[in-house]
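The values are calculated or read from the model by the stated rules, or taken from the named source; none is laboratory data. Worth saying up front: this structure is predicted, and the values here are computed from it rather than measured. So basically every Cβ, Gly included, is an ideal-geometry build from the backbone, and we count neighbours across all protein chains shown. For the accessible areas, the whole protein counts, side chains as well, though only heavy atoms, and no ligand, DNA or RNA atoms are used. Shrake-Rupley method; radii C 1.70, N 1.55, O 1.52, S 1.80 Å.
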Number of protein chains: 2
Amino acid sequence: MAAETWFNPVTLDKGLFCHLPCCVSQLGHRPHGGELLCCWAWVHQSLSKACRVMALRASDHSQAAMNRLKEKVLTLDTMNPCVRRVEYAVRGPIVLRALELEQELRQGIKKPFTEVIRANIGDAQAMGQKPITFLRQVLALCIHPDLLNSPNFPEDAKRRAEHILQACGGHSLGAYSVSSGIQLIREDVARYIQQRDGGIPADPNNIFLSTGASDAIVTVLKLLVAGEGHTRTGVLIPIPQYPLYSATLAELNAVQVDYYLDEERAWALDVAELRRALCQARDHCHPRALCVINPGNPTGQVQPRECIEAVIRFAFEEQLFLMADEVYQDNVYAEGSQFHSFKKVLMEMGPPYAAQQELASFHSVSKGYMGECGFRAGYVEVVNMDAAVQQQMQKLMSVRLCPPVPGQALLHVVVSPPAPSDPSFAQFQAERQAVLAELAAKAKLTEQVFNEAPGIHCNPVQGAMYSFPRVQLPPRAVLRAQELGLAPDMFFCMCLLEETGICVVPGSGFGQREGTYHFRMTILPPVEKLRSLLEKLSQFHAKFTRQYS
Amino acid sequence: MAAETWFNPVTLDKGLFCHLPCCVSQLGHRPHGGELLCCWAWVHQSLSKACRVMALRASDHSQAAMNRLKEKVLTLDTMNPCVRRVEYAVRGPIVLRALELEQELRQGIKKPFTEVIRANIGDAQAMGQKPITFLRQVLALCIHPDLLNSPNFPEDAKRRAEHILQACGGHSLGAYSVSSGIQLIREDVARYIQQRDGGIPADPNNIFLSTGASDAIVTVLKLLVAGEGHTRTGVLIPIPQYPLYSATLAELNAVQVDYYLDEERAWALDVAELRRALCQARDHCHPRALCVINPGNPTGQVQPRECIEAVIRFAFEEQLFLMADEVYQDNVYAEGSQFHSFKKVLMEMGPPYAAQQELASFHSVSKGYMGECGFRAGYVEVVNMDAAVQQQMQKLMSVRLCPPVPGQALLHVVVSPPAPSDPSFAQFQAERQAVLAELAAKAKLTEQVFNEAPGIHCNPVQGAMYSFPRVQLPPRAVLRAQELGLAPDMFFCMCLLEETGICVVPGSGFGQREGTYHFRMTILPPVEKLRSLLEKLSQFHAKFTRQYS
């Protein structure tokens, strides 16, 4: 992909605008008729067509060959329209522009900043967090078993590695595993869940390992999708949401049914709002599932137990399959906040809920204290799923063979960390606590600095890894954004990036109430860097407000 | 999933048959009206429903709760019908039965064999192949960089690890990479392709790393799918095929257009047959893509250059997007056979083909000499793809964040192995050659032993990792299979498994000409084990033939 076909605010401001629907939708703006002209993409395409014409003229060619010149097989017009509708702001044009800026900096091009700071994505280790030693020791031993003879590895790490390798085909991480994941590790996960949930049993046969939580979420959504026209499957998702949900529903041609979290009450989930969304949706689709993200992404709230009970009761009464995205279950910081798993609450509610309400709960090794995003490991536990459907899920997963085995090995350690009697216990605990304590401090710092800035309002970051502050944007900035065919908060974030090197994601990529503007920023940079970043961002907002007032 | 809901030949023979369409289709049989009764699944479901009724009776409950008893949200009837139609024989019911048998052996249950041999899947390390030392050294260093100070690792492995870590976010494999893969590694891949193709340039921007080749194949198919009814996208695939293709087309609701390879001419691909398939397909769908697997899976043929040229000319004239599955490019054994990449042939054909024919070529670290299946790493190179579509592909991949980073690191070493001047060169070469030489010997052995057996015919295994012999099945066996609602070769393979512990996949899972029967067996077990396996299998076939004659 040529870099010049992407959004560039400089050329934009010179009046060279974006015509391609793909570009416009990528920028988080849904055009309503009036579209702009993407000069660069057009120039690029015309030039390459001219080159093809010349190449053809220079050679003997048949009529068929000339006909081929008219059109590629696969174009924006002929490609899968569902894929075209997909949007994924977390890695959208703003991040591509950040990559370009980094390259320009490396080439010595002068910028008003010396470094691009990617606060767009929950990628702890990219922000300098060190891996947990024990995790990496066990994994290195599994990868290169010659190290089992090395005196430089603790005994418990060796024991673990041997245990994992015993459960692998050919005693190697290089063999495929069973499609639902190594049996031993699914048993570990079941034990972990049972312990987390105060002894409520978990069945390894209900646990499917996956390529990150995303993979499992997509799989469950795939099972749910059916129908056409008025009977198309509708799925309730929170607004703001993590855009994996909207992207997957677009790809699957399902109907996204928005329910709004209440910003005034720290992004609370209100059953009355669920009911409103459901009733309206029933006019045009068949709502069959309800997704909840707890702790919230991008919103950072942690749901109280009563709220979870109310959501379960609602899902039960309304015949909705429940999907609980609980990948931030270890990331709870606020005093008085506590993580309650949907599974535990459901089971404690007893009959008829416990024995019948269908639930899928997702977890990941990418978040928590370990932040091992690159390994792409996660799992789903399904509860009360129809046995035949569960077989279908297993079949569907088998087409992709198996989740990455190194990630499965990592998951083993995450769900069964060193015990107090193990040689690695003390160091493991110290490293884990240090990460979580620092995250808690950064959550507090973020809320504090933002709320001191006029025109920025930030709810408490009770959990997860993000703040999602609301920013006031002056009417002239909104107008200017509209002229450029951009969502106003996209315009703000693009200007912020160009001037400060700070990369955050506009609220329009997650969804927000009409007329409000937000951005998502991670709390992951090291404390001092985060402080300076928060201050720079607040100052930029003040300047931006003056500029467009 | 309860084990007892799966196919069990013992209960089958007692007259307890399979009613559920999902079970029947899983078994590779497409029912034509008459369906059988799966007693176990029915008993299981009835019992669990009874339990739910009792649970409800024991508690206070509302009318809504009673209503819920009627039906789960997600059942076979309400789930995604496209997913239900998916079949994937390589990991189908025969493999699940093999798992059960292994468990029964461990429990001390007596069987006519002492070990289950999984010759169903191309999983080299599970069959005892040792990982290539240099690959694992580099990876262990990346995983646990403390080892960079160890004297037990060669200098070139350390240099590589440092090089890879430099290119990772936060210098860690635990950070996400760019969605299309680490830039450095995409550049390595481009250099590798350029060298493979005699200097024809490859552009890193056209290379996308993926979670195994399967992931990239599914992504490209997703882009291609569009239309409804008569304009539904058709995709030409070989028969026999690797069932990832049929499974993905079923899931995407695209039309599978079969073209038959010519078994009498060592599974040759004939353009006249492509034309027949295409013409017939145009009556009911819009064929837009042509998939070729070279070297062939499950068929093991290696395409001569003229054949590739003819296929390219055909695709060009007929406006078909070409997909070249070239994951076995390093696995060519037969004298006179040589791998020609579609990219190289296309480029050497010059205009108008070279500048216009759209092509996607797939590769993987799971096969070749390394066999690192568990790491789930691969890539696709796209050629002449529309620039805007390529952006859409990048966007689609970004929703799943990134391919597993350890796999990306492994790919780096695979595409840029040690040079002759490097300390690890000699050992690397020796290990690589040993694996490939042994595979070549096993390919020959397989062909030889099978062709000595009456009623078994095996084409030469020119490449890849499988034999796909044709077996004669006596008419009474075919009848018996039909009574059981099974494809005849599924019945043969199930009996083989129960009696010998040998797990192979019936030809019906890959597709075959009506009235012919095959199975796919890997050539991966160690030579002596393979020999005994081939002999046992031939003897079993003879006995089976007597039994049903």
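Annotations for the structure displayed:
- Residues located in region A:346-360, provided they are part of a loop (DSSP other than H, G, I, E, B) and acidic (Asp, Glu): A:Glu358
- Residue match in region B:184-200 (condition: in a loop (DSSP other than H, G, I, E, B), more than 14 Å from every other protein chain (Cβ to nearest Cβ), open to solvent by less than 40 Å² (accessible area, probe 1.4 Å) and touching an Asp or Glu at 6+ places or on another chain (Cβ under 8 Å)): yes
- Residues (among the charged types (D, E, K, R) and open to solvent by less than 40 Å² (accessible area, probe 1.4 Å)) located in region A:142-176: A:Asp156, A:Lys158, A:Arg160
- Taken residue by residue, region B:433-446 has at least one member that is of a type in the set (S, T, N, Q) and over 23 Å from the mean Cα position of the chain (by Cα).
- Test: residue in region B:225-243 that is aliphatic (A, V, I, L, M), open to solvent by 10 Å² or more (accessible area, probe 1.4 Å) and under 28 Å from A:Ala254 (Cα atoms): yes
- Selection status of A:Ser366, assigned by TED's automatic domain parsing to the domain that holds A:Gln301, in a loop (DSSP other than H, G, I, E, B) and among the small types (Gly, Ala, Ser): yes
Conditions tested, residue by residue: (1) modelled with pLDDT of 95 or more; (2) in a loop (DSSP other than H, G, I, E, B); (3) more than 10 Å from every other protein chain (Cβ to nearest Cβ); (4) closer than 30 Å to A:Val405 by Cα.
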position: B:Lys344; (1), (2), (3), (4): yes, no, yes, no
position: B:Phe362; (1), (2), (3), (4): yes, no, yes, yes
position: B:Gly371; (1), (2), (3), (4): yes, yes, no, yes
position: B:Gly374; (1), (2), (3), (4): yes, no, no, yes
position: B:Ala388; (1), (2), (3), (4): no, no, no, no
position: B:Gln392; (1), (2), (3), (4): no, no, no, yes
position: B:Leu396; (1), (2), (3), (4): no, no, no, yes
position: B:Arg400; (1), (2), (3), (4): no, yes, no, yes
position: B:Pro403; (1), (2), (3), (4): yes, yes, no, yes
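- Filter pass, B:Arg476 being over 21 Å from B:Asp325 (Cβ atoms), in a loop (DSSP other than H, G, I, E, B) and basic (Lys, Arg): no
- Filtered residue count, region B:73-106, keeping only those that are modelled with pLDDT of 90 or more and of a type in the set (Ser, Thr, Tyr): 2
- Test set (1) in the same structural domain as A:Asp489 (by TED's automatic domain parsing); (2) open to solvent by 10 Å² or more (accessible area, probe 1.4 Å); (3) touching a residue at least 24 places away in the same chain (Cβ under 8 Å); (4) not polar (S, T, N, Q) - A:Gly122 fails condition number: (2)
- Single condition A:Lys70 does not satisfy, out of (1) modelled with pLDDT of 90 or more; (2) open to solvent by 40 Å² or more (accessible area, probe 1.4 Å); (3) of a type outside the set (Gly, Ala, Ser): (1)
- Boolean, A:Glu447 is closer than 26 Å to B:Leu139 by Cα, open to solvent by 10 Å² or more (accessible area, probe 1.4 Å) and assigned to a helix (DSSP H, G or I): no
- Count of region A:368-415 residues which are of a type in the set (D, E, K, R) and crowded, with 24+ Cβ neighbours inside 10 Å: 4
- For region A:445-484, residues that are over 15 Å from A:Arg520 (Cβ atoms) and out of contact with any Pro (no Cβ under 7 Å at 6 or more places or on another chain) total 18.
- Summed over region A:303-324, residues that are open to solvent by less than 10 Å² (accessible area, probe 1.4 Å) and under 21 Å from A:Ser467 (Cα atoms) total 2.
- Residue match in region B:328-337 (condition: within 14 Å of another protein chain (Cβ to nearest Cβ), buried (at least 20 other Cβ atoms within 10 Å of the Cβ) and either without any contact (Cβ under 8 Å) to a residue 60 or more places away in the chain or outside any helix (DSSP H, G or I) (or both)): no
- Qualifying residue in region B:532-547 (condition: buried (at least 16 other Cβ atoms within 10 Å of the Cβ) and in a loop (DSSP other than H, G, I, E, B)): no
- Selection within region B:106-131: residues that are of a type in the set (A, V, I, L, M) and under 22 Å from B:Glu528 (Cα atoms). The member of this set that is nearest to the other protein chains (Cβ to nearest Cβ) is B:Ala126.
- Residues of region A:463-473 that turn out to be more than 19 Å from A:Ser364 (Cβ to Cβ) and either of a type in the set (Phe, Trp, Tyr) or open to solvent by 10 Å² or more (accessible area, probe 1.4 Å) (or both), as a count: 4
- Count - residues of region A:261-280 that are open to solvent by 30 Å² or more (accessible area, probe 1.4 Å) and touching a His at 6+ places or on another chain (Cβ under 9 Å): 0
- Flag if A:Leu139 is at the interface with another protein chain (Cβ under 8 Å from one of its Cβ atoms), open to solvent by 10 Å² or more (accessible area, probe 1.4 Å) and part of a helix (DSSP H, G or I): no
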